[in-house]
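Take a look at the structure below.
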Amino acid sequence: MSDILSDPLFVRGYVTTIALSAGALLASLVIGTLVASVRVWGGPFLRSLTGVYVEFFRNTPLLVQLLFLAVLLAPSNLGVTRDPLVAALFGLSVYTGAYVTEVVRSGILSVDPRQIEAARTLGLSQAEALRHVVLPQAIRTVIPPLGNLSIALVKNSAIAGGIAATDLLQVARILEARPPFTFDPFIAALFAYWTITIPLALAVSRLERRLAFAR
Amino acid sequence: MYKKFAPLMALVMAVAACSTAPGTGGSPAASPGTGGSPASSPAASSPAEPAATPTMVIVEGVSTPESIQAEGTLTCGVKFDVVGFGFRNPTNNEIEGFDADICREIAEEMGVEALLIEAVSANRIPFINERRVDLVISTFTINEERRGQIDFSRPYYIAGQSILAKVDNTEINSVEDLNGKNVCSATGSTSETNVREQAPEANLVLFPTYTEAGQALDDGRCDAVSTDDVILFGLIDAYPDTELKGEPFTTEEYGIGMKKDSTELKMFVDDVLVEMDGDGRFAELWNENIGAYTDKEPVLPPES
């Protein structure tokens, strides 16, 4: 087991999974916040467009999206990238972004609109009302589901091997097919995933408690 | 929230401690390939002992010609996506190819039905050890590492690993040219290891099947696909703008895989192969299935 954990290929797969998850999380937070803003405050056309985005990506399997994207982005088609890791990063970001959109939207809507009216009455501008009244309350609602999403994202990243990206699970597959042909690489991968997801879960619950001050 | 978490964490830690301890502490009779005889492995999973690091499942006993005749079915693992050797014809769902026909010949000699199931590269050895198949006839290269795990018949075909690239690609002409290129192949194959050894700077992109590797070559994600020439011939059929580059750079002897210590079954299978070679059936099936893809003589290769 220790020879697997120290195998450079295994380490590379581990680092790849962390980088892929972190990158996709950041990108999906940006996508989700932007799209959610449009979904709440945008005009009717933009709102229905964001609805199409959310429902399209939430309602097809992630692996199908990735297989499709890898071919679509390939040099002889759109010519964006031939690197399966980039295709996986793109796919995971857009997919998770759809979920983040819905989480952020529900966070914004959880704040009673009469609070904005009250803030405006007290002389705050619309932006100030959002910044000082809506945002602090919305964040508290949004943190637990976002934590769940980020843990799900780490686990979803295991699908990247399906388009030949060398992530943690793919590395386990490669090592399993080499002598001494044991099941050990998968056990190593299992523990390696835990070393990412469990600290993440602890961090989320800690953040949740710190943000709960006003309740 | 944290309180809810504490017992869960304790559980996780406990499981982690149990599972890693036997693995790190001087690996026991866990790896059948490196350690003692396979017979010691079923003992390791007996209920009296604590669970050692799980390895491959090995079901006890071997198939013999008699046990197969008693059962009435010879089960073979073959490829379903390699034209010429094992290929499911999409128009009638028949499994066609040299490997599939050899299985049918052996079944006929035994007087039983042949049952063909799909064995992809990575699950061939597990299928044998779990006794889900009696034989694996699946473009299966004989090598020393595998000989430690399973038994092989005498070789029935000698392939060589080659390189497939687009016709207009002039940069790739030999295995050394693969350095720095995107090279596609399949996980769990000898092809992957061979490229890693002979072109260490190549960027290996590994798909579950060669069909997906072929697609990746076609749309430009790969510069080349490298595996046994006979598999590549099937891809040329699908993608006519590709061709083989350079000469084969390895020798792959294909054998029929079966469970370790299958002495009787191996003798039977070898006899059938020799008999087929003698009465012309071997050459007939060869020409029918792979004659168009190779200019080699349709004879049984000598025992290695």
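We did not get these values from a lab; they are worked out from the coordinates using the rules stated. Please read these numbers as outputs of a predicted model, since none were measured by experiment. With ideal geometry, Cβ positions are generated from the backbone for all residues, glycine too; neighbour counts draw on all protein chains shown.
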Cα-only Rg/Rh for the range A:86-206 with Kirkwood Rh rounds to 1.21
At 20 °C and 1.002 mPa s, the Stokes-Einstein diffusion coefficient in µm²/s for the range B:135-235, with hydrodynamic radius from the Kirkwood sum on alpha carbon pairs, is 151
Rg (one decimal) and Dmax (whole number) from the Cα set of the range A:138-186, in Å, equal 15.9, 53
The size of the Cβ-based charge dipole (Lys, Arg +1; Asp, Glu -1) of the range B:161-245 about the Cα centre, to the nearest 20 debye, is 160
quick shape note, the protein assembly as shown: Cα extents on principal axes in Å, largest first -> 101, 62, 42
Here the gain from full extension of A:Phe183 to A:Leu26, 0.36 nm per residue of separation minus their alpha-carbon distance, amounts to 53.2 nm
Put in order of increasing Cβ neighbours within 10 Å, starting from the fewest, A:Leu211, B:Leu285 give A:Leu211, B:Leu285
Over the range B:244-304, the quotient of the Cα radius of gyration and 2.2 N^0.38 Å is 1.34
Here the FRET efficiency for A:Val52 versus A:Lys155, based on Cβ atoms and R0 = 22 Å and rounded to 0.05, is 0.25
Computed over chain A, the relative contact order (Cα-Cα under 8 Å, seq sep at least six) in percent reads 28
The base-10 log of I(q)/I(0) that the Debye equation returns for the range A:2-214 at q = 0.14, 0.17 Å⁻¹, one scatterer per C-alpha, is -0.92, -1.17
Surpassing 26 Å at the alpha-carbon level, of the pairs B:Lys79/B:Lys259; B:Lys260/B:Lys296; B:Lys245/B:Lys266; A:Lys155/B:Lys260; B:Lys181/B:Lys296, are B:Lys260/B:Lys296; B:Lys245/B:Lys266; A:Lys155/B:Lys260; B:Lys181/B:Lys296
Along the dipole axis of the range A:2-214 (charges at Cβ: +1 for Lys and Arg, -1 for Asp and Glu; origin at the Cα centre), the most positive-end residue among A:Pro145, A:Ser37, A:Leu66 is A:Ser37
Using alpha carbon centers only, the range B:205-244 is separated from the range A:21-36 by a whole-angstrom value of 36
Expressed as a percent, the portion of alpha-carbon pairs in the range B:153-304 spaced more than 27 Å apart is 31
Out of B:Val230, B:Ala165, B:Asn203 - ranked by how far each Cα lies towards the positive end of the dipole of the range B:161-245, with unit charges on the beta-carbon of charged residues - the top one is B:Asn203
Between the alpha carbon centres of the range A:150-175 and the range B:157-195 the gap in Å comes to 24
From fewest to most C-beta neighbours within 10 Å, the residues A:Ser37, A:Ser6 line up as A:Ser6, A:Ser37
One computes Rg over Rh for the range A:20-80 from alpha-carbon atoms, with the Kirkwood Rh, and obtains 1.05
In degrees, nearest 10, the alpha-carbon axis of helix A:135-156 is tilted away from the dominant principal axis of the alpha carbons of chain A by 20
Taking the alpha-carbon centre of each part, the distance from the range B:251-277 to the range A:81-123 in Å is 62
With N residues in the range B:78-144, Rg(alpha-carbon) / (2.2 N^0.38 Å) equals 1.09
With label points set 7 Å from each Cα along the Cα-to-Cβ direction at A:Leu63 and B:Leu115, the distance between them in nm comes to 2.5
Zone reached by a paramagnetic label modelled 7 Å from B:Val274 Cα along Cα→Cβ, restricted to the range B:143-157 with backbone N below 17 Å, covers B:152-157
Under the 7 Å Cα-to-Cβ spin-label approximation, A:Val80 and A:Ser205 lie apart by a distance in nanometres of 3.8
Here the alpha-carbon Rg of the range B:211-271 over 2.2 N^0.38 Å rounds to 1.61
Scoring the range A:147-197 by relative contact order with C-alpha pairs under 8 Å, at least six apart, yields a percentage of 31
Semi-axes in Å, largest first, for the range A:1-119 (Cα gyration tensor, √(5λ)) are 35, 20, 10
